[in-house]
Amino acid sequence: MTAPTAPITPIPTADICDQHEDNSNAITVVSPLFRDFGKIHCFAGSIVTLHCADDNSKVREQVSVAGNGGVLVVDGGASMRCALLGGNLAVLAEKNGWSGIVINGCVRDSEELAQVNIGIRALATMPRRSEKRQTGQLNIPVHFANAAFIPGHFLYADKDGIVVSAAPL
């Protein structure tokens, strides 16, 4: 499953919060745990999820297919043991039309990531690469940073934070 073909317009997250202060159930504000690594700081798209532990094989598979403006949300269990995304995979994600990647884990090649025209958020950097065991689960609900990331829901990110919603805003 990939994201829909219509791009989602990024909206400032502060504006989203202001517009939904009377109906806070419509959105979830993700805990501010993530650092900004990509060249693009404001991005949005339909969520595609991946759960993997210290193995980025499925990350490579996903960024190799058409992203159609979607956001790949990777739950790496907040592992600090290895990176789940590096420069080569980020370039592949850009080439295949992903608007952004959010990783509950680490990235590497941070200087290269800063030159790639997509949004990239992760907890930290780690120079060690991941294992390659072909493990992971695609498009299942994942939960981290006090938020649920559901395939097909929508993610909006900017320098102020990350917001998710069930419907496009």
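Leaving ligands and nucleic acids out of the surface, order Asp160, Asp36, Asp75 by accessible area at 1.4 Å, largest first.
Numbers: Asp160 120, Asp36 60, Asp75 15 Å².
The most accessible residue leads, giving Asp160, Asp36, Asp75.
Could you state the accessible area per residue of the range 1-70 in Å², with a 1.4 Å probe and every protein chain left in place? Provide the component values of the computation, followed by the final result.
Numbers: 3510 Å² over 70 residues.
Counting only protein heavy atoms, the per-residue value for the range 1-70 is 50 Å².
Which value, in Å² and to the nearest 10, is the accessible area of Lys58 when all protein chains are kept and the probe is 1.4 Å?
Here the residue's solvent-accessible area equals roughly 50 Å².
In what sequence, largest accessible area first, do Leu169, Leu72 appear using a 1.4 Å probe?
Numbers: Leu169 75, Leu72 0 Å².
Accessible-area ranking of Leu169, Leu72, largest first: Leu169, Leu72.
Could you work out what % of the accessible surface of the chain is carbon and sulfur, using a 1.4 angstrom probe and leaving DNA, RNA and ligands out of the count? Walk me through the intermediate numbers first.
Working: 3910 of 7750 Å².
About 50 percent, which is the carbon plus sulfur part of the accessible surface.
When the Cα centres of the range 95-140 and the range 1-79 are compared, how far apart do they sit, in Å?
Distance between centres, Cα-based: 12 Å.
Based solely on its DSSP helices, what 222 nm [θ] is calculated for the chain when runs of n ≥ 4 H residues each add -39,500 (n - 2.57) and the sum is averaged over all residues, nearest 500 deg cm²/dmol?
Working: 4 runs with 27 residues, N = 169.
That calculation yields -4000 deg cm²/dmol at 222 nm.
Based on the Kirkwood radius over alpha-carbon pairs, what value in µm²/s does the Stokes-Einstein equation return for the translational diffusion coefficient of the chain at 25 °C and 0.890 mPa s?
Numbers: Rh = 15.4 Å.
In µm²/s, the coefficient rounds to 160.
The values are calculated or read from the model by the stated rules, or taken from the named source; none is laboratory data. On a predicted model such as this, the values are computed, not experimentally measured, just so you know. Side chains included, ligands, DNA and RNA excluded: accessible areas come from the protein's heavy atoms. Shrake-Rupley method; radii C 1.70, N 1.55, O 1.52, S 1.80 Å.
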